[in-house]
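Here's the structure we're looking at; comments come further down.
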Amino acid sequence: MEAAAQQELAAQAQPSGLRERIGFVGAGQMGEALIRGFIQSGVSTAANLSASVRSEERQRAMQQLGIQVFGNALLGGAEALCEASDIIVLGVKPQYLDSILEALRPHLGARHLIISIAAGAASAYVLGNHATLEDGEKAYALFSSVGLAIPVEERMMDAVTGLSGSGPAYVFLAIEALADGAVAAGLPRDKALALAAQTVSGAARMVLEAAGDNSLTHPAVLKDKVTSPAGTTIVGLAELESAGVRGALIRAVKAAARRSEEMG
Ligand SMILES: NC(=O)c1ccc[n+]([C@@H]2O[C@H](COP(=O)([O-])OP(=O)(O)OC[C@H]3O[C@@H](n4cnc5c(N)ncnc54)[C@H](OP(=O)(O)O)[C@@H]3O)[C@@H](O)[C@H]2O)c1
């Protein structure tokens, strides 16, 4: 079989996989999680992935994943990475972005698509001014392979940060408080914590399950379903409402969004 035909067949065998080579500049906690996710989901392969990383410890971690490894982006790694990639994912902390972009700039060509994860938004993404529809499809293919991927407009990013960026901390606090309540009611701490976390995770999954018409299930509908007359749940809900939990959560997201705007 001819090489071209073999390539075509390989591509057909992996319909959801991207052919583009993807290079990470900085692959710490978030970058490594994405690289693992891309390989596991089949949206990319180790052969198509590479990373420019700084410390020897990170270089060893990347080698163990079987991907190509380049050194510090500011010391030559950027050039090598650009040559080896079509899509470049910026996985460094925001304070390094300017110097990293400066190092990348001379080696970037028209084929390169740059994706920054530095905003700290879990799954929402913004198309830059020069990004095409096709670029958006590639970003969606990558990030939907490891979770929800939601396109938003630039002006919505502060709200996304207030919710998805800071929200995990609010939920950790809620899990801790729920467990405290169960401990107060007589459950051992380890069992209380496991049940509290499972309760939050299960409830979130139920909201995310499609309602049948491809929309999410509204949480108020689920809440009403699990609240029986004169039961335990309604007295608990009444306590939460009288403590103003709903308003506190709304204010928390708004305050975090405002802070994100202030920080630019
Ligand atoms: N999208 C999300 O849900 C999400 C979640 C969390 C974080 N984030 C964002 O993702 C970014 C990375 O966060 P993280 O938690 O993964 O940070 P991290 O663990 O500190 O990873 C950043 C990596 O960048 C590397 N690096 C720094 N300078 C470099 C250079 N000159 N050349 C090559 N590599 C360099 C560091 O290398 P060394 O370790 O070798 O120093 C480090 O491994 C942050 O901007 C964060 O806000 C996004």
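The values are calculated or read from the model by the stated rules, or taken from the named source; none is laboratory data. All values derive from a computational prediction rather than experimental measurement. Note that each Cβ is placed from the backbone with ideal geometry, even for glycine, and that neighbours are counted across all protein chains shown.
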*State whether one or more residues within region 138-148 are out of contact with any Phe, Trp or Tyr (no Cβ under 6 Å at 6 or more places or on another chain), over 18 Å from GLY17 (Cα atoms) and aliphatic (A, V, I, L, M).*
no
*asked:* Every residue in region 177-200 that is of a type outside the set (Gly, Ala, Ser) and out of contact with any Leu (no Cβ under 8 Å at 6 or more places or on another chain), please.
replied: LEU178, ASP180, VAL183, PRO188, ARG189, ASP190, LYS191, LEU193, GLN198
*The one condition in (1) at pLDDT 95 or above; (2) under 16 Å from LEU113 (Cβ atoms); (3) within 9 Å of the ligand (Cβ to nearest atom) that VAL53 fails to fulfil*: (2)
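Please tell me if HIS107 is within 18 Å of LEU18 (Cα to Cα), surrounded by fewer than 16 Cβ atoms within 10 Å (Cβ to Cβ) and more than 7 Å from the ligand (Cβ to nearest atom). Talk me through it step by step, then tell me what you get.
Values: within 18 Å of LEU18 (Cα to Cα): no; surrounded by fewer than 16 Cβ atoms within 10 Å (Cβ to Cβ): yes; more than 7 Å from the ligand (Cβ to nearest atom): yes.
So HIS107 does not fit the description; no.
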*Name every residue in region 150-165 that is in contact (Cβ under 8 Å) with a residue 12 or more places away in the chain and more than 11 Å from the ligand (Cβ to nearest atom), in order of residue number.*
ILE150, PRO151, VAL152, GLU153, GLU154, MET156, MET157, ASP158, ALA159, GLY162, LEU163
*Can you name every residue in region 111-138 that is modelled with pLDDT of 90 or more and either of a type outside the set (A, V, I, L, M, F, W, C) or within 12 Å of the ligand (Cβ to nearest atom) (or both)?*
ARG111, HIS112, ILE115, THR132, GLU134, ASP135, GLY136, GLU137, LYS138
_Matching residues, region 71-102, being in contact (Cβ under 8 Å) with a residue 12 or more places away in the chain, farther than 18 Å from ILE117 by Cα and within 8 Å of the ligand (Cβ to nearest atom)_ = GLY71, ASN72, LEU74, GLY77
*Limited to region 219-264, what total is found for residues that are in a loop (DSSP other than H, G, I, E, B), surrounded by 10 or more Cβ atoms within 10 Å (Cβ to Cβ) and out of contact with any helix residue (DSSP H, G or I) (no Cβ under 8 Å at 6 or more places or on another chain)?*
3
